[in-house]
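Below: one structure, written as structure tokens.
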Amino acid sequence: MAGDAADQTRRGKYADRLDPELWAYIDKVNSWYPPEIVAAPIAEQRAVYNRMCAAFHHGRPAGVSAGDGLVVTQAHAIPVRHYRMANRIATAIVVYYHGGGFVLGDLNSHDDICAEICAGTGFEVISADNRLAPEHLHPAAFDDALAVFEWVAATSALPIVLCGESAGGTLAAAVAQATRHHERHAVGQVLIYPGLGGDESGRSYIEHAEAPLLTLADIEFYRRVRSAPGQVLDDPTFSPLRDRDFSGLPPTVIVTAECDPLSSDGEAYRNRILAAGGQAWWREEKRLVHSFLRARMTVPRAAEAFARIISDIARLGAGDGALISPHGG
């Protein structure tokens with residue numbers, strides 16, 4: 001009983017707000033990648049994060065094949081991984097940008113997620129491995145994300161859906177904004193708990209400043225570590241919500257977690273697109289936290305949210321955005 005009381009105290013206002021299965025996931029993440037790790041050297045952070053990702057990897061669904069390649073630019077080569085479904089002709093292609101705060105992550109950290117998107121939609125998926133901070137400051141990650149989009153646009157005739165989670169959602173939004181007038185612009189974008197540079201006096205930033213797995217202090221750390229000297233926050237390639245023009249964007253779905261300081265960014269981004277005459281849907285998944293995609297195998301709410309995300313991607317790739325419900329119906 002004493003242990004239960006200690007847990008209640010440690011978990012604070014989230015003790016009863018999150019399901020027991022989600023707390024088991026949070027505790028498992030923290031056993032691998034404890035909150036204090038952000039003070040460790042970057043190389044150590046990456047090693048611990050990669051081990052955690054490997055521990056959560058659930059394998060690829062049957063029928064999904066994957067091959068690695070390089071997108072060669074004038075400056076360097078960007079690793080990519082291409083997923084396909086056997087014996088199925090894809091009708092769209094997803095460009096996926098991984099999370100990790102612009103500091104962590106690679107082609108392996110989100111491999112099973114990309115494979116499941118491929119299996120769930122039947123679409124091809126290209127996963128992009130952008131350069132990481134602090135070795136490579138902004139706009140390095142954005143430049144890589146844009147280069148992969150342009151390569152896909154030049155080498156595939158399939159409709160393109162942009163997708164990313166967390167830092168990858170930031171990159172997807174920035175690429176969508178930068179390429180909205182491209183001859184082969186994206187037909188849709190799905191942003192999963194993205195950080196878009198929103199107002200930190202907003203609702204979720206205040207209410208969930210100390211949320212499990214992502215705090216306001218974490219957000220500020222990752223923003224600082226990727227910022228070049230004199231970084232201008234109003235740069236839309238750094239903070240997509242700071243753009244002055246939200247017209248011409250593809251149909252957009254933003255999915256956030258209720259207990260995540262970034263959730264208000266999704267609401268604000270939807271509102272900006274709608275005000276500019278575009279199509280956008282924002283869905284806040286209740287009783288979930290940042291990084292819930294990794295919990296999809298053990299947490300029913302996360303599994304249901306991921307299934308809705310796959311449906312969103314499928315509908316946007318098929319040009320059926322009008323069928324998307326803000327409640328996932």
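Rule-based calculations on the coordinates, nothing more; no lab input. Every value quoted in this text rests on a predicted model; they were computed, and no experiment measured them. Glycine gets a Cβ as well: all are built from the backbone with ideal geometry, and neighbour counts include every protein chain shown.
Dividing the Cα radius of gyration by the Kirkwood radius, what Rg/Rh value follows for region 163-247? Radius of gyration over Kirkwood radius for region 163-247 works out to 0.99.
One Cα centroid belongs to region 257-271, the other to region 187-203; the line between them spans 6 Å. Structural descriptor for the chain: relative contact order 16 percent, calculated from alpha carbon pairs under 8 angstrom and at least 6 residues apart. Going from the fewest other Cβ atoms within 10 Å to the most, the residues E116, E220, E304 appear in the order E220, E304, E116. The simple Förster model, with R0 at 35 Å and r as the Cβ-Cβ distance, assigns E135 and I206 a FRET efficiency of 0.55. DSSP beta bridges confined to region 2-322 are antiparallel in about 35 percent of cases. For the chain, the 222 nm mean residue ellipticity estimated from helices alone, with every DSSP H stretch of n ≥ 4 adding -39500 (n - 2.57) and the total spread over all residues, rounds to -12000 deg cm²/dmol. Determine the sum of side-chain charges near Y25: Lys and Arg each +1, Asp and Glu each -1, restricted to other residues whose C-beta is under 11 angstrom from that of Y25. Every neighbour counted, the sum reads +1.
With each label modelled as a point 7 angstrom along the Cα→C-beta vector, the A39-A54 pair spans 2.7 nm.
Across region 220-235, coupling constants 3J(HN,Hα) worked out from phi with the 6.51/-1.76/1.60 Karplus curve, θ = phi - 60°, read 5, 4, 5, 5, 5, 5, 9, 7, 6, x, x, 3, 8, 5, 7, 5 Hz, and Gly and Pro carry x. With the Cα gyration tensor of region 267-311 giving a ≥ b ≥ c as the square roots of its eigenvalues, does the rule (a/c under 1.5 for rounded; else a/b larger than b/c for prolate; else oblate) give rounded, prolate or oblate? Since a/c reaches 1.5 and a/b is larger than b/c, the shape of region 267-311 is classed as prolate. Modelled spin labels at A157 and A86, positioned 7 Å past Cα toward Cβ, are 2.7 nm from each other.
Spacing of the modelled spin labels on K28 and A66, each 7 Å from Cα toward Cβ, amounts to 1.8 nm.
Build a GNM of the chain with springs between Cα atoms under 10 Å: which of I309, I37, I93 gets the top mean-square fluctuation? Largest GNM mean-square fluctuation: I37.
Ordering M297, M52 from the fewest to the most neighbouring beta carbons within 10 Å gives M297, M52. Its Kirkwood hydrodynamic radius, worked out from the mean inverse distance over all distinct Cα pairs, puts the chain at 19.8 Å.
Taking 0.36 nm per residue of sequence separation and removing the Cα-Cα distance, the D320/T298 pair yields an extension gain of 4.9 nm.
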